2 protein chains.
Amino acid sequence: MICKKCCKKAIIEYPYPMCDQHFRDYYLRTIQKTIEKYNMFNKEDKILVAVSGGKDSSALVYALYELGYEFEGLYINLEIPNYSEHSENAVKELFKLIDYRINIIRVSDYNIRVSPIYKRPICSVCGAIKRYLMNRFAYENGFTVLATAHNLVDEAAFFLMNMNSGQIQYLIKQEPVLPKENKFVKKVKPLYFITERENMVYSVINKLPVYYGECPNSSGNPQSKWKQILYKIESENPGFIRNFINSMLKLKKYINYPEKKGEIFCCKYCGYPTGSRSRICSFCRLQKYFNNSKKA
Amino acid sequence: MICKKCCKKAIIEYPYPMCDQHFRDYYLRTIQKTIEKYNMFNKEDKILVAVSGGKDSSALVYALYELGYEFEGLYINLEIPNYSEHSENAVKELFKLIDYRINIIRVSDYNIRVSPIYKRPICSVCGAIKRYLMNRFAYENGFTVLATAHNLVDEAAFFLMNMNSGQIQYLIKQEPVLPKENKFVKKVKPLYFITERENMVYSVINKLPVYYGECPNSSGNPQSKWKQILYKIESENPGFIRNFINSMLKLKKYINYPEKKGEIFCCKYCGYPTGSRSRICSFCRLQKYFNNSKKA
């Protein structure tokens, strides 16, 4: 298989055969177009990029660096044994390579830990912690935009999962940009049209320091089942995942969903917004739970 | 596995284990609820049911009969060798069983045949012929409603297929009812929430005369690929197909799609509506094509 644009050997087949150089151009162009199309940010913004040490966020960091954006990184050490130390090392190496600032925080600094609580699965607790801490860190340090490495396959899996559970209110919110609101900073997904495989190839050709280990808790992640399904469909219908998301975005242009905005309160402990009438946000509830269990 | 409602042996597992009698109740109740919820028809309507001799339409006929509706059948003999004669026999037997009138027409009566034409695949030609003849027969014979046996899996496959091709204008139209308009009679799908498997089980427990042979052209049917995919997903996530369609219907309530209604003309040959500026509908174009090829 040879590159569609030159005679060199192709390293990737879809959306068309490309050699390493033409893939790199395609990859960066796709991200830049996404940033511009959705007004994600410009060079005046103070950008924070959330990183995990994995291929997706490492590829995002390096791509934004290659595209000439300035930003800082945020790594949240989740203190998961045999996992977090490796990912932290990969992140540190990556930021050393590009010579940008990386901010590192640890869940224990917030008297919290990633573990299942009551009947809530561990991945759900972990997600809530990360979302809260990313936003709080960005807000308190004056960042105007928080970029995450959610990719095309994440989005499609989330879509299928919510179609199966009937939670269409989440489908409606599944956008490349979530605007700033209250104490929530603007959130953007520059890899919205990039597949996991493309992030992997980009990481490999740039020899990025990536930790490829899987989170020991990931088997509990409900999204991974839907990703497997999507890959099965994709293998028989190359392009399906991208077409699916594009159709969804087209369809959503015509959706007029009456957002039921409940009253928003200020958490009495941290001051961040919460929909809970108890005026305790879910992060502070987790903190309280772990404090009590420590005392017990 | 035993029936959830009594101690008899269950014959079907999903949506819950049911014996033959309770399955029959569930099946007829689901259809009756669909008919009422979407105002498909009532006992004053003059109903035409399109039948093929296969399990889905035979189950529809018998269910409507058991529910006490009066109607006539329409069988279009497509004159596909080693196939159409068997399906016609099954249809005749079924209507003898319930003692209702069955109307039979043959494509050759209209100087047409089911075959690929130019680059148009055979299943697409066949679909166009059936849609045209069903509507024309219903309209010319004063039927107020045309019922077809499209089922839940047909609908979900059609949805996936159109998400893949990006033709969202077809998704928007994917409703249990298409209202009467111009010379198009009202079209309804009473099996919208019934799976293929349920139609099969209902046909078997009622010992309906069904022709189980597959159309020799069916390998060219693009929908069947998407059905296979759906069955794979369903096997690992029982209920997925039903949840998927329910979510889609929920989502569509909020869609406001500006229907681009092009000008509608009268076909200068048959007088039925067509969007073509040439004033020749696609059925009459097919007729013309076959007439010319006969002369050649």
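Laboratory data are not the source of any read-out in this text; all were calculated from the coordinates shown. Here the structure is a predicted model, which means the values were calculated and not measured. Neighbour counts run over all protein chains shown; Cβ positions are idealised from the backbone, glycine included.
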Relative to chain A, whose Cα atoms define the longest principal axis, helix A:196-205 and its Cα axis are tilted in degrees, nearest 10, by 70
Under the convention of a label 7 Å out along Cα→Cβ, give the distances in nm from B:ARG120 to the same position in every other copy, shortest first.
5.8
Long-range Cα-Cα pairs in the range A:86-187 (distance over 17 Å), rounded percent
67
Assigned charges on the beta-carbon of Lys, Arg, Asp, Glu; the protein assembly as shown dipole about Cα centre (debye):
980
Cα principal axis extents for the range B:224-265, largest first, Å
46, 25, 10
Using alpha-carbon coordinates, inclination of helix A:55-66 to the longest axis of chain A, degrees
70
As an exercise, identify the GluC sites (Glu not before Pro) in the range B:141-214 lying in DSSP coil whose Cβ has no more than 14 other Cβ atoms within 10 Å.
B:GLU214
Please report the base-10 log of the normalised intensity I(q)/I(0) for the range B:204-296, using a Debye sum with one equal scatterer per alpha carbon and no solvent, at each q in 0.18, 0.23, 0.26 (1/Å).
-1.02, -1.08, -1.17
I need the Debye-formula profile for the range A:63-135: one equal scatterer per C-alpha, no solvent, reported as log10 I(q)/I(0) at q = 0.19 1/Å, two decimals.
-0.85
Taking each residue in A:219-232, count the Cβ atoms of any other chain within 10 Å of its Cβ, then average. What number comes out?
1
5 Å is the cut-off here: which amide hydrogens, built 1.01 Å from N in the peptide plane, fall below it relative to A:GLU79, excluding neighbours closer than 5 in sequence?
A:VAL107
Cross-link pairs B:LYS119/B:LYS173; B:LYS33/B:LYS55; A:LYS43/A:LYS180; A:LYS4/A:LYS33; A:LYS180/A:LYS294; A:LYS187/A:LYS207 - those with Cα-Cα distance over 24 Å
B:LYS119/B:LYS173; A:LYS180/A:LYS294; A:LYS187/A:LYS207
What share of Cα pairs, in percent, lie more than 18 angstrom apart in the range A:110-153?
42
Considering only DSSP states other than H, G, I, E and B, which trypsin sites (Lys or Arg not before Pro) in the range A:7-82 qualify as loop sites with at most 15 other Cβ atoms within 10 Å?
A:LYS8, A:LYS43, A:LYS46
Residues whose built amide H sits under 5 Å from the amide H of A:LYS5, excluding neighbours closer than 5 in sequence, are A:CYS19
Short version: ³J(HN,Hα) in whole Hz for each residue of the range B:4-11, in order, from phi by Karplus 6.51 cos²θ - 1.76 cosθ + 1.60 (θ = phi - 60°), x for Gly and Pro, what are they?
5, 9, 8, 8, 6, 5, 7, 10
The Cα extents of chain B along the principal axes, largest first and rounded to whole Å, are 67, 45, 40
Here the whole-number average of other chain Cβ atoms within 10 Å per Cβ of B:152-160 is 1
Net dipole in debye of chain B [+1 Lys, Arg Cβ; -1 Asp, Glu Cβ; about Cα centre; nearest 20]
960
Links exceeding 28 Å between C-alpha atoms in this model, out of A:LYS96/A:LYS183; A:LYS189/A:LYS225; B:LYS46/B:LYS183, come to A:LYS96/A:LYS183
Summarise the partner chain shielding of A:234-245 as one whole number: the mean count of Cβ atoms from other chains within 10 Å of each residue's Cβ.
2
The helix A:240-252 Cα axis meets the longest alpha-carbon principal axis of chain A at an angle in degrees, between 0 and 90 and rounded to 10, of 60
Cα-based Debye curve of the protein assembly as shown sampled at q = 0.06, 0.07, 0.10 Å⁻¹ gives log₁₀ I(q)/I(0) of -0.43, -0.57, -1.00
Would you kindly derive the ³J(HN,Hα) couplings of the range B:82-98 from the backbone phi angles with the Karplus curve 6.51 cos²θ - 1.76 cosθ + 1.60 (θ = phi - 60°), listing them in order in whole Hz, with x for Gly and Pro?
6, 9, 4, 5, 5, 5, 4, 4, 4, 4, 4, 4, 4, 6, 5, 4, 9
Among A:LEU178, A:VAL204, A:VAL107, which residue has its Cα furthest toward the positive end of the charge dipole of the protein assembly as shown, with +1 on Lys/Arg Cβ and -1 on Asp/Glu Cβ?
A:LEU178
In the range B:26-101, if every C-alpha pair distance is counted and binned at 5 Å from zero, what percent goes to each bin?
3, 14, 26, 24, 15, 10, 5, 2, 0
Nearest-20 debye value, the range B:27-83 charge dipole, Cβ charges on Lys, Arg, Asp, Glu
260
Can you list the copy-to-copy distances for A:GLY220, using a point 7 angstrom from Cα toward Cβ, in nanometres, shortest first?
5.4
Give me the distance between the Cα centres of the range B:86-121 and the range A:69-119, rounded to whole Å.
67
Of the candidates B:TYR254, B:CYS7, B:PHE137, the farthest towards the positive dipole end of chain B (Lys/Arg Cβ +1, Asp/Glu Cβ -1, centred on the Cα centre) is B:TYR254
For A:PHE71, distant residues with modelled amide H under 5 Å away:
none
Using Cβ counts within 10 Å as a stand-in for footprinting exposure, how do A:CYS266, B:CYS270 rank, fewest first?
A:CYS266, B:CYS270
On a C-alpha basis, how far is the centre of the range B:1-67 from the centre of the range A:185-233 in Å? Whole number, if you could?
44
Taking the label point 7 Å from Cα along the Cα-Cβ vector, the copy-to-copy distances for A:TYR14, listed from shortest in nm with one decimal, are 2.5
Give a residue-ordered list of calculated ³J(HN,Hα) values for the range B:225-230 (Karplus: 6.51 cos²θ - 1.76 cosθ + 1.60, θ = phi - 60°; whole Hz; x for Gly, Pro).
4, 6, 5, 4, 4, 4
